[in-house]
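What follows draws every value from the coordinates through simple rules; no lab data is involved. None of these values were measured; they are calculated from a predicted model. All Cβ positions, even for glycine, are placed from backbone atoms using ideal geometry, and neighbour counts span all protein chains on display.
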Amino acid sequence: MSNIILTGDRPTGRLHLGHLVGSLYQRVQLQNSGSYDEMYIEIADAQATTDNSGNIQKVKDNVIEVALDYLSCGLDPNKCTFFLQSEVPELSDLTFYYMNLVTLSRLQRNPTIKQEIIYRNFENSIPVGFMTYPISQAADITAFDANIIPVGDDQLPMIEQTREIVRTFNKLYGKTLIEPNAVLPGNTVCHRLPGTDGQAKMSKSIGNCIYLADSKEEVKRKVMGMFTDPNHLKVDDPGVTEGNPVFIYLTAFSKEKHFQEYFKNSETGKLEYNNLEELKAHYQHGGLGDMKVKKFLNYVLEDTLAPIRTRRHELEKHIPEVYQILFNGSEKARKKAATTLEKVKTAIGLNYRNDFELINGQVEKYALLHKEAEKS
Ligand code: TRP
């Protein structure tokens, strides 16, 4: 069996640190490992319209932002196929047939959908397209025979839904579709990075994100304003590192080299802290101020984001070429999705053009009817 990787994002905002540790790093790593046959990255603009029907401009504007973020993180159009969901209409056809394989109550039990409904205040006015996007996501995945889906943990219900659709389809119509597996980032702290305010998730609408495209000054301002342990008032107070977003970010981003560079005493050459454990221990014990930790975090993040920012600035001078990458990828993706759609329709039996048995059967049926009519 070939290994086909597929993943994607809704273009509803620029990508942020949560995306970087939650998925982008892993994608780049997978891409560079070379241990796969095909790799697809979808900008899910059609899915983004399911809760933005009144604000298509936002979706459109963010397509290029997401593409620029992808490329500046090191995703390479020579190694993976970037495509726009709306440019692959075969996905809607697949969705249409899969819809018959899923019950409404099954969709209503999807924990991510449930949360999103509350979060978006949909209450009694849930758009049908929104409610059914897990089915359309199953089309995104199966259209490419993808078996490896690198995602954050909020996407696990979508992968589970896809697996169910695949099993139901294959049982009803014969083995046609490939059952996918989710791949979560290795470091559990990266599954869901909290916002700078300590809330459970980075979210554009809450305004607690650090974006990949943020300037050096913006990053610094956001880091210095970060929520920490609210009871750590004086430097000497003991502090809590667990659930403290400053320490969570350090867990996600700091490397040994950061300690060696930042905490080296210029006279003695000794390190003030050798690693995160020592920094944490000091904070927990008391005597380490938030400012000092935040300044270090800012150093770590700047080291992480500066090369991404530099690449982005360069790419921003080549916008038409970036769009062209998406169009070329979409064409390639469309060919593959069309092949799958043909297979799916044939498996279901909706392949009239090649179904000579059907056509001949109808010929015979009418021939017989006419013969009998002539006899009587
Ligand atoms: N639902 C995903 C998100 O909100 C985006 C997405 C669309 C996706 N299609 C996909 C992710 C297929 C993985 C595989 O981020």
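General observations
- Taking the convex hull of Cα positions in the stretch 267-376, its mean projected area over all directions (nm²): 17.9 nm²
- Rounded to whole Hz, the Karplus (6.51, -1.76, 1.60) HN-Hα couplings of the stretch 280-294, x for glycine and proline: 4, 4, 5, 5, 5, 6, x, x, 10, x, 4, 4, 5, 5, 5
- FRET E, pair residue 105, residue 332, Förster distance 41 Å, beta-carbon r, rounded to 0.05: 0.65
- For residue 289, nonlocal amide neighbours, meaning residues 5 or more places apart or on other chains whose placed amide H falls under 5 Å from its own, do not occur.
- Two-decimal ratio, the stretch 202-356, of alpha-carbon radius of gyration to 2.2 N^0.38 Å: 1.66
- Cβ-defined net charge surrounding residue 49, 11 Å radius [Lys, Arg +1; Asp, Glu -1]: +1
- Under Karplus coefficients 6.51, -1.76 and 1.60, residue-wise ³J(HN,Hα) of the stretch 62-79 in Hz, glycine/proline x: 8, 4, 5, 4, 5, 4, 5, 4, 4, 5, 6, 7, x, 6, 10, x, 7, 10
- For residue 6, neighbours were defined as the other residues whose beta-carbon sits under 10 Å from its Cβ, and their charges (Lys and Arg +1, Asp and Glu -1) total -4.
- C-alpha center-to-center spacing [the stretch 29-87, the stretch 161-205] in angstrom: 16 Å
- Given their separation in residues at 0.36 nm each and the Cα-Cα distance between them, residue 114 and residue 257 gain 47.2 nm when the chain is fully extended.
- Chymotrypsin sites (Phe, Trp or Tyr not before Pro) within the stretch 85-188, DSSP loop, no more than 10 other Cβ atoms inside 10 Å: none
- Taking each residue as 0.36 nm, the span from residue 357 to residue 272 lengthens on full extension beyond its C-alpha to C-alpha distance by 22.6 nm.
- 10 Å-binned pair-distance histogram of the chain (Cα, whole percent): 5, 20, 27, 21, 13, 7, 3, 2, 1, 1, 0, 0
- Calculated P(r) tail over 20 Å for the stretch 26-159, as whole % of Cα pairs: 52 percent
- Computed from the C-alpha gyration tensor, the three semi-axes of the ellipsoid equivalent to the stretch 316-376 are 51, 10, 6 Å, from longest to shortest.
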